[in-house]
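Trainee: First, the structure itself, so that you have it in front of you.
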Amino acid sequence: MCLGATGFGAPSLALDLVLPGRAVQTHQESRTGDRLAVPLDRWDTDHIPTQYIEGTIDLQSWRITGGGTSTLQALDALARQLGEAGYQTMLRCAGRDCGGFDFRFGLDVLPAPAMFVDLFDYRFLSARLGQGDTAPHATVLISTTGANTYAQITLVRPEGAEPLRIRASTTAPDPATTPTETATPETAPNPGTATPPTPSAPITGGAPGEITEQLMSQGHGILGDLDFATGSATLGPGPFASLTALAAYLKGDGARRIALVGHTDATGGRDINISISRQRARAVLDRLVEGHGVPRAQLEADGVGYLAPIASNLTEAGRQANRRVEAVLLTTQ
């Protein structure tokens, strides 16, 4: 890392970072005359407290392969280097502490396959070098999916200052030969063509009878026996043992609250996948309320499309695993 001076003992504006482990870059861009919304604090009711910093924005994303680097290890390594370069941390948080999916979806995150964010395992840091709106600011977002750890690092710097430089401590295979780099990218509907393909059923996952145990031990669990019509948000007639168990758990204590989160595979565009995942989560909510008598106040529903995979989208088995609805425990009190 460059720790030189610009004169009279001032810290250098150059920022050189080294990623731990075997890593390959998945995206890089630089934008002049732009501005970045830098988070200053955790999610607060309906927004993330932010400060807009103007300048040149450097954005890079990397995939750390091999499964040997956790989100905590990766963020610790980068936070240490930022500190050595003179940056002061403004915000550091993880997953639920940040605000869960509300915080994540308040961030500007690169689409897959450049960046993946697991809603249950991500970490964030924002830091600045000096004071004022023109001081360099950096943000780091770290998450995992499968055996890979992903890092999205952004620097906003004064015009003409040294660009962000990142390298891996160990070189990973060329992205052209790395399977996860060939996952289906985000695409937009093309007027005059057929509607993009949508995720297909069934949604599969964990054993239905284990949902309450998963909620208590892990904070979330897959409703693994749900059945949706192909490309549809219509939930089958059931009965579904996972919903019966979940309803009993919720009615056993009126203070318990659950978020139902819909997920899809990476087939088709981002907007259509988020829409169908949200519709499926809401269909599950309606079934719990209307079919099982769960008070609506104990439930909320949303969808994140293909942004939180649990398996590779390169195989049918992986895509099927990614098509799911999860229950996330919000409170036990």
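Values quoted throughout were computed directly from the atomic coordinates according to the rules given, and no laboratory measurement underlies them. In this text, all values refer to a predicted model and were calculated from it rather than measured experimentally. All Cβ positions, even for glycine, are placed from backbone atoms using ideal geometry, and neighbour counts span all protein chains on display.
Trainee: What pairs come up if the first residue lies in segment 130-147 and is within 20 Å of P113 (Cα to Cα), the second is outside any strand (DSSP E or B) and of a type in the set (G, A, S), and their beta carbons are under 7 Å apart, counting only those six or more places apart or on different chains?
Mentor: Short answer, once both residue conditions are applied: I142/A74; G146/A311; G146/S312; A147/G66; A147/G67.
Trainee: Further, regarding this structure: Is there a residue in segment 273-288 that is more than 30 Å from A114 (Cα to Cα) and basic (K, R)?
Mentor: Kept after step one, since they are more than 30 Å from A114 (Cα to Cα), are these residues of segment 273-288: 283-288.
In the following step, the residues that additionally are basic (K, R) were identified as 287.
Yes, segment 273-288 contains a residue that is more than 30 Å from A114 (Cα to Cα) and basic (K, R).
Trainee: Being among the aliphatic types (A, V, I, L, M) and in contact with a Ser or Thr (Cβ under 7 Å, 6 or more places away or on another chain) narrows it down to one of I258, I310, I276, so name that one.
Mentor: Working: I258 fails: in contact with a Ser or Thr (Cβ under 7 Å, 6 or more places away or on another chain); I310 fails: in contact with a Ser or Thr (Cβ under 7 Å, 6 or more places away or on another chain).
Just one listed residue meets the conditions, I276.
Trainee: Has segment 251-260 got at least one residue that is within 15 Å of V289 (Cβ to Cβ), touching a strand residue (DSSP E or B) at 6+ places or on another chain (Cβ under 9 Å) and not aliphatic (A, V, I, L, M)?
Mentor: yes
Trainee: Another question, if that's okay. In segment 277-309, what residues are crowded, with 21+ Cβ neighbours inside 10 Å and out of contact with any strand residue (DSSP E or B) (no Cβ under 7 Å at 6 or more places or on another chain)?
Mentor: V294, G305, Y306, L307, listed by residue number.
Trainee: So which of T331, T244 ends up being surrounded by fewer than 19 Cβ atoms within 10 Å (Cβ to Cβ), closer than 18 Å to Q214 by Cβ and touching a Lys or Arg at 6+ places or on another chain (Cβ under 7 Å)?
Mentor: Unique residue meeting the criteria: T331.
Trainee: When you go through G106, G95 one by one, which is the residue that is out of contact with any Leu (no Cβ under 9 Å at 6 or more places or on another chain), under 30 Å from G268 (Cβ atoms) and surrounded by fewer than 22 Cβ atoms within 10 Å (Cβ to Cβ)? It would help to see each step written out before you state the result.
Mentor: Details: G95 fails: out of contact with any Leu (no Cβ under 9 Å at 6 or more places or on another chain).
None of the other options fit; the residue is G106.
Trainee: Which is part of a strand (DSSP E or B) and touching a residue at least 60 places away in the same chain (Cβ under 8 Å), of A259, A255?
Mentor: A259
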